[in-house]
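The values are calculated or read from the model by the stated rules, or taken from the named source; none is laboratory data. Remember, it's a predicted structure, so these values are computed and weren't measured experimentally. Here Cβ is always computed from backbone atoms with ideal geometry, including for glycine, and neighbour counts include all displayed protein chains.
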Amino acid sequence: DLHSFPTRRSSDLLVEKWQLFKEYCCQDVVTEMEIERRLSGFPVPDSVQKQWETDLIINRRGVAVDMRFVEGALVIGQQVKSEMMNKAIEISGLENPNSVVQLTRWVDDNTGPDIKINDLRKETVSRILKKETLTEDVRDMLQIRQELGKTSTKKYDAIKECVCPDNRVRGLLQFYGANRTGRWAGRLVQVQNLPRTYTDPIEIARELVTDRKTNTLKLLYGSASDTLSQLIRTAFVASPGNVLVDADFSAIEARVISWLASEKWRLDVFKTHGKIYEASASQMFGVPIELIKKGNPEYALRAKGKVAELALGYRGARGL
């Protein structure tokens, strides 16, 4: 009973706020009752009800995480970031080498007129690094910039923030989180968008991270930052006697949309090579698809094909 809650009469302001809160709650109940009345004519299908119940079970159970590994990843990530920042400061003399404005100005001041850098996006930095006229210092700074872009430990941070006392993370998926499509939505760690893992042998890499052996990790696997990024999936572990299976449908949205729209050329792409981003870019810019591959300047068009694929299928704006 909301009216039975004790009110704090230490000040008139608190009493007024409490009264406002009670009025809000009463109206909230009225609103919810009206929503229930209007929706009662549209009963939830049994299949959706079952999905919702399954979702509750999944989120109540949660997923186990290897916290020793997570803690090791956070320590190594911080070490690597500090080392690179110190090296960048030593090379450039900048107060904050991570500042886009400061670093862009520094690169412009230390390169010839044939090189003009307007931003520090991944594609721009990669393009500039191909220039043979770069000085060693500029090349080192841009490579550090690239490496810092891989150093994010946000997902490891997220795991540490939301892990429960039993070393399990709950609430990773929200049922019907995408209200237009009805799909589950990733929450907290966003497990629906994890980097792929190519690290091999993966067991040794995980052991080095857990033991916080930064130098050995670099020696065996090269970029510690990239390795940490690839290993994020392995932070989630199965309980003893079980295994975790990670699977999804390849380009499922694009395939279904193509079928619904009866776009034969797109269906033919999926029946053959499956490179829908390249095929879309080829159609958009009139460039042979054979040229849109890594190592060619035309490969930059693939990103534009991807934007079109992911946006225009869901009422994206024109002019992308």
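For T199, the criteria (1) crowded, with 16+ Cβ neighbours inside 10 Å; (2) within 30 Å of I89 (Cα to Cα); (3) not charged (D, E, K, R) hold in every case but one, which is (2). Taken together, the residues in the range 80-104 that are more than 21 Å from K218 (Cβ to Cβ) and either among the hydrophobic types (A, V, I, L, M, F, W, C) or part of a helix (DSSP H, G or I) (or both) amount to 7.
Can you tell me which residue is surrounded by the fewest Cβ atoms within 10 Å (Cβ to Cβ) among those in the range 61-114 that are among the aliphatic types (A, V, I, L, M) and under 14 Å from V138 (Cβ atoms)? First the steps, then the outcome.
Step one: of the range 61-114, the residues among the aliphatic types (A, V, I, L, M) are 63-65, 67, 70, 73-76, 80, 84-85, 88-89, 91, 94, 100-101, 103, 107.
In the following step, the residues that additionally are under 14 Å from V138 (Cβ atoms) were identified as 88, 91, 94, 103, 107.
On the way: A88: 22, I91: 17, L94: 15, L103: 21, V107: 22.
Per the criteria, the residue is L94.
Within the bounds of the range 112-131, is there any residue that is farther than 21 Å from I232 by Cα and modelled with pLDDT of 85 or more? No: zero hits.
In the range 273-289, the qualifying residues are those that are in a helix (DSSP H, G or I) and touching a residue at least 24 places away in the same chain (Cβ under 8 Å), and the one that is surrounded by the fewest Cβ atoms within 10 Å (Cβ to Cβ) is M284.
If a residue counts only when it is within 20 Å of the chain's Cα centre (by Cα) and free of Cβ contacts under 8 Å to residues at least 40 places away in the same chain, which helices (runs of 4 or more DSSP H) contained entirely in the range 177-240 have at least 2 such residues? If you could, list the steps in order and put the result at the bottom.
Working: elements: 202-210, 214-221, 224-230.
Here the list reads 224-230.
Do you know which residues across the range 141-165 are over 19 Å from T234 (Cβ atoms) and in contact (Cβ under 8 Å) with a residue 60 or more places away in the chain? Result: I144, E147, L148, C164. Within the range 244-272, the residues that satisfy the criterion of being part of a loop (DSSP other than H, G, I, E, B) and either at pLDDT 90 or above or under 24 Å from the mean Cα position of the chain (by Cα) (or both) are L244, V245, D246, A247, D248, F249, S250, A251, S262, T272.
When I292 is tested against the conditions (1) under 27 Å from R127 (Cβ atoms); (2) exposed (fewer than 15 other Cβ atoms within 10 Å of the Cβ); (3) aliphatic (A, V, I, L, M), the lone failure is (2). Quick check: is even one residue across the range 105-118 assigned to a helix (DSSP H, G or I), more than 23 Å from L228 (Cβ to Cβ) and β-branched (V, I, T)? There is at least one residue in the range 105-118 that is assigned to a helix (DSSP H, G or I), more than 23 Å from L228 (Cβ to Cβ) and β-branched (V, I, T).
Taking D108, is it touching a helix residue (DSSP H, G or I) at 6+ places or on another chain (Cβ under 8 Å) and charged (D, E, K, R)? I'd like the intermediate steps shown before the answer.
Numbers: touching a helix residue (DSSP H, G or I) at 6+ places or on another chain (Cβ under 8 Å): no; charged (D, E, K, R): yes.
Judged against the criteria, D108 is not a match.
Listed by position, the helices (runs of 4 or more DSSP H) enclosed by the range 122-175 that each have at least 3 residues that are of a type outside the set (D, E) and under 16 Å from A224 (Cβ atoms) are 136-149.
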